[in-house]
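> Can you read through this structure? Questions will come right after.
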Amino acid sequence: MGDHETHERHERKKQVENSLFDRISAILEQAMKNVVCSVNSNMVIAYWLIGREIFEEIQGGEPRAEYGKQVLEELSVNLNSRYGSGFSVPNLQNFRKLYQVFQSRLDIQYPAGTKSPDTEKDSHGSHESFLPSNQYPAGTEWVYGFHPQLSWSHYRALMRVSDEKARAFYEQESAECGWTKAQLERQIQSSYYERILTNHGESGLLPVCRERLPGESLNPIHVLKSPYVLEFLDLPEMV
């Protein structure tokens with residue numbers, strides 16, 4: 001066998017190996033993205049539901065600020081005792097704010113056996129699961145009103161945007177362009193929405209009328225190592 005033929009066989013073998021590696025890499029990367037989307041969705045929806053429970057308990061309780069403070073402090077102690085850290089009073093206040101800011105976003109019933117007394121059954125007499133069971137591949141539409149591509153950190157930043165139209169704009173841009181939490185915060189702080197309105201009017205908000213800011217690449221592993229995710233799953237911090 002000549003050197004030329006040996007070289008060709010070596011190159012073909014290398015191409016096959018590279019093709020196999022690329023296909024397997026694509027499978028793993030998509031699977032990791034799906035896991036991130038699932039974690040994002042479950043965290044945000046769970047916190048929205050917790051916020052709803054806190055809001056309705058305090059609103060329906062004694063009309064004193066001291067009552068709300070007492071509810072949050074006792075709840076914080078009990079949750080931290082059972083589920084680990086992550087349920088400080090400030091965090092519980094953030095969950096309540098998430099519900100207040102996005103109050104009309106979801107239409108989720110209470111988990112079976114835990115519904116509030118004033119929660120009515122649906123027309124079929126049954127209660128919908130509080131967390132969706134399907135998967136959320138990249139590019140999927142909103143899950144129960146929240147983008148699975150956006151993390152709890154994204155929604156914490158969005159909650160601080162008081163203007164509803166601006167908040168909706170930042171949320172959509174973050175999800176569709178793949179903004180990281182840091183990118184989102186930079187655009188909010190630089191008044192990106194207001195600058196577009198000032199320079200181009202409302203028509204400038206349309207994606208076809210402007211160059212959109214691309215997202216920064218972020219390894220899914222880094223998302224799963226986020227302190228918020230580790231707290232939610234009650235896992236030790238990873239080095």
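Please treat every number below as a calculation from the coordinates, not as lab data. Please read these numbers as outputs of a predicted model, since none were measured by experiment. Cβ: placed from backbone, ideal geometry, glycine included. Neighbour counts: every protein chain shown.
> Taking the Cβ of Arg212 as the center, what net charge do the other residues with Cβ under 9 Å away carry, scoring Lys and Arg +1 and Asp and Glu -1?
Local net charge: -2.
> Here is a further query. Apply the Karplus parameterisation 6.51 cos²θ - 1.76 cosθ + 1.60, with θ equal to phi minus 60°, to every residue of the stretch 75-90 and state each ³J(HN,Hα) to the nearest whole Hz, in sequence, with x for glycine and proline.
5, 4, 4, 5, 5, 5, 5, 8, 10, x, 5, x, 10, 5, 4, x
> Using a Förster distance of 45 Å, how high is the FRET efficiency between Leu28 and Arg212, based on the Cβ-Cβ distance and rounded to 0.05?
After rounding to 0.05, the efficiency reads 0.95.
> Counting only other residues whose beta carbon sits under 12 Å from that of Tyr99, what net charge do I get with K and R as +1, D and E as -1?
Numbers: positive: Arg52, Arg96, Lys97, Arg105; negative: Glu53, Glu56, Glu57.
Combined, the nearby Lys, Arg, Asp and Glu give +1.
> Work out from phi, with θ = phi - 60° and the Karplus expression 6.51 cos²θ - 1.76 cosθ + 1.60, the ³J(HN,Hα) of each residue of the stretch 22-33, listed in order in whole Hz, and give x for Gly and Pro.
After applying 6.51 cos²θ - 1.76 cosθ + 1.60, I find 5, 5, 5, 4, 5, 4, 5, 5, 5, 4, 5, 5 Hz.
> Near Trp152, within a Cβ-to-Cβ distance under 12 Å, what is the net charge of the other residues, with Lys and Arg +1 and Asp and Glu -1?
Numbers: positive: Arg156, Lys181; negative: Glu231.
With Lys, Arg at +1 and Asp, Glu at -1, the net is +1.
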